[in-house]
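Q: Got a structure for you, written out below as structure tokens; questions coming shortly.
The values are calculated or read from the model by the stated rules, or taken from the named source; none is laboratory data. Predicted, not measured: the structure shown is a model, and the values here were computed from it. Ideal geometry is used to build each Cβ from the backbone, glycine not excepted, and the neighbour counts take in all protein chains shown. Surface areas here come from the heavy atoms of the whole protein model, side chains and all, with no ligands, DNA or RNA. Shrake-Rupley method; radii C 1.70, N 1.55, O 1.52, S 1.80 Å.
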Amino acid sequence: MDLIAKIAARKAVVIFSKSTCCMCHAIERLFFEQGASPEIHELDRESRGKEMELALSRLGCSPVVPAVFIGGKLIGSANTVMTLQLNGSLKKLLREAGAIWL
């Protein structure tokens, strides 16, 4: 879990995903469209991907991907991110984390 915390703290937005996951792709695209430039870790292409997947699961990520961190804090999966987008809270979180300026 220390590895996940270190990675999550490196950038304003960090997304753990899988290259074959369509919801992961949609969430990544959403962040790019908001003007954020997330750090993306595709667990199926990472040398320590299985270890990171297990750690995300222990953090309560269900499903494990996409797992979104903003400002080093676990936000959640696609459902949570989409809820934040729909209620207008996502941009505020991105601004507060320094991921976007507008």
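Q: Here is a check on your reading of the model: is residue 61 modelled with pLDDT under 95 and buried (at least 16 other Cβ atoms within 10 Å of the Cβ)?
A: Taking the combined requirement at face value, the residue satisfies it.
Q: Related question: So residue 48 ticks every box in (1) closer than 21 Å to residue 2 by Cβ; (2) open to solvent by 30 Å² or more (accessible area, probe 1.4 Å); (3) in contact with a Cys (Cβ under 8 Å, 6 or more places away or on another chain); (4) not hydrophobic (A, V, I, L, M, F, W, C) but one. Which box is left unticked?
A: Exception for residue 48: condition (3).
Q: Just the residues that are assigned to a helix (DSSP H, G or I), among the small types (Gly, Ala, Ser) and either open to solvent by less than 40 Å² (accessible area, probe 1.4 Å) or at pLDDT 95 or above (or both), please, taken from the range 1-24.
A: Selection gives 8 alone.
Q: Now a separate question. Testing residue 27 on (1) touching a Leu at 6+ places or on another chain (Cβ under 9 Å); (2) open to solvent by less than 20 Å² (accessible area, probe 1.4 Å); (3) not polar (S, T, N, Q), one condition comes back false. Which one is that?
A: Failed condition: (1).
Q: Another question, then. Restricted to the range 90-102, and to residues that are open to solvent by less than 40 Å² (accessible area, probe 1.4 Å) and in a helix (DSSP H, G or I), which residue is farthest from residue 11 (Cα to Cα)?
A: Only one residue tops the list, namely 90.
Q: Determine whether the range 65-79 contains at least one residue that is surrounded by 13 or more Cβ atoms within 10 Å (Cβ to Cβ) and of a type in the set (Phe, Trp, Tyr). Let's see the steps before the verdict.
A: Of all residues in the range 65-79, those surrounded by 13 or more Cβ atoms within 10 Å (Cβ to Cβ) come to 65-72, 74-78.
Still in the list and also of a type in the set (Phe, Trp, Tyr): 69.
For the range 65-79, residues surrounded by 13 or more Cβ atoms within 10 Å (Cβ to Cβ) and of a type in the set (Phe, Trp, Tyr): present.
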